[in-house]
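Please read the structure below before turning to the comments.
Here, each number is a calculation from the coordinates, and none is a lab measurement. All values reported here derive from a predicted model rather than from experimental measurement. Quick reminder, even Gly has a Cβ in these numbers, built from the backbone with ideal geometry, and neighbours come from all protein chains shown.
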Amino acid sequence: MKTVTFTEFWRNASEVLDLVEKGESIRVLRHGKAIARIVPAEPREAKPAWKRPGLRLVTAGASLSRAVLEERRSSSCSERQEGADIAPERLYEAGIRERWPD
């Protein structure tokens, strides 16, 4: 770690910061007492966090979207065949309103 006085730092700030940029740490003294330590910044990542790809959750078996579509397909077939409870939107479209009065 290199040590410089405040006056030296003030007069040669550009050169001192060039040293820091190259990886050296600098201690600044005023009246013989350390008042600051200048260290190199941590390396920046190439992309900001919001632009990096997120975690992908992977599970064994069918995907959730496929499972939902399968459930919808199977429930719509069983409703037609067995006369099971039908969604209110379908009853309204069919003109059946006895179960859900306005």
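What the table shows:
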quantity: Net charge contributed by nearby residues that have their C-beta within less than 13 Å of Thr5 (K/R +1, D/E -1); calculated: +4
quantity: Listed peptides 66-73, 22-29 by packing density, highest first (mean Cβ within 10 Å); calculated: 22-29, 66-73
quantity: Residues Leu55 and Ile35, FRET efficiency given R0 of 30 Å [Cβ-Cβ distance, rounded to 0.05]; calculated: 0.10
quantity: Difference of contour (0.36 nm per residue) and Cα-Cα distance, Thr7 to Leu19; calculated: 2.6 nm
quantity: Anchor Lys33: lysines whose Cα lies under 26 Å away (excluding residues fewer than 8 positions away in-chain); calculated: Lys2, Lys22
